[in-house]
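First up is the structure itself, then whatever we jot down about it.
What follows draws every value from the coordinates through simple rules; no lab data is involved. Everything quoted here is computed from the prediction, not taken from an experiment. No Cβ is skipped: glycine too gets one built from the backbone with ideal geometry, and neighbour counts run over all protein chains shown.
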Amino acid sequence: MIAEIFVLIIIMGAISFFQIRQIYKDDGLKAVMVYSLFMGLATLVGALLLAGLQLQGQSVVDRLFEPIGKAVSGS
């Protein structure tokens, strides 16, 4: 599962890089590349966190909405 996440992130990063490169050409290409790098890293961290929750047997949806459920139930 984690290998699939890595492959997906690499493919999406490559697609977005080439799209950004076509749009901006030489104007601010470095800034856009740095931005896309940080967005890729953020996506990677988020995907690994979600995969870690799945590997621990916790439901990602339950884990994400747990604070809202506690607030609604008053506990």
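Of note:
- Taking Ser36, Ser73 and counting other C-beta atoms within 10 Å, the order from fewest to most: Ser73, Ser36
- Extended-chain gain in nm, criterion 0.36 nm per residue less alpha-carbon gap, Arg21 and Ala51: 7.7 nm
- Listed from fewest to most Cβ neighbours within 10 Å, the set Leu44, Leu49 follows the order Leu49, Leu44.
- Once both labels are positioned 7 Å from their Cα atoms along Cα-to-Cβ, the gap between Val32 and Ala71 label points is 3.8 nm.
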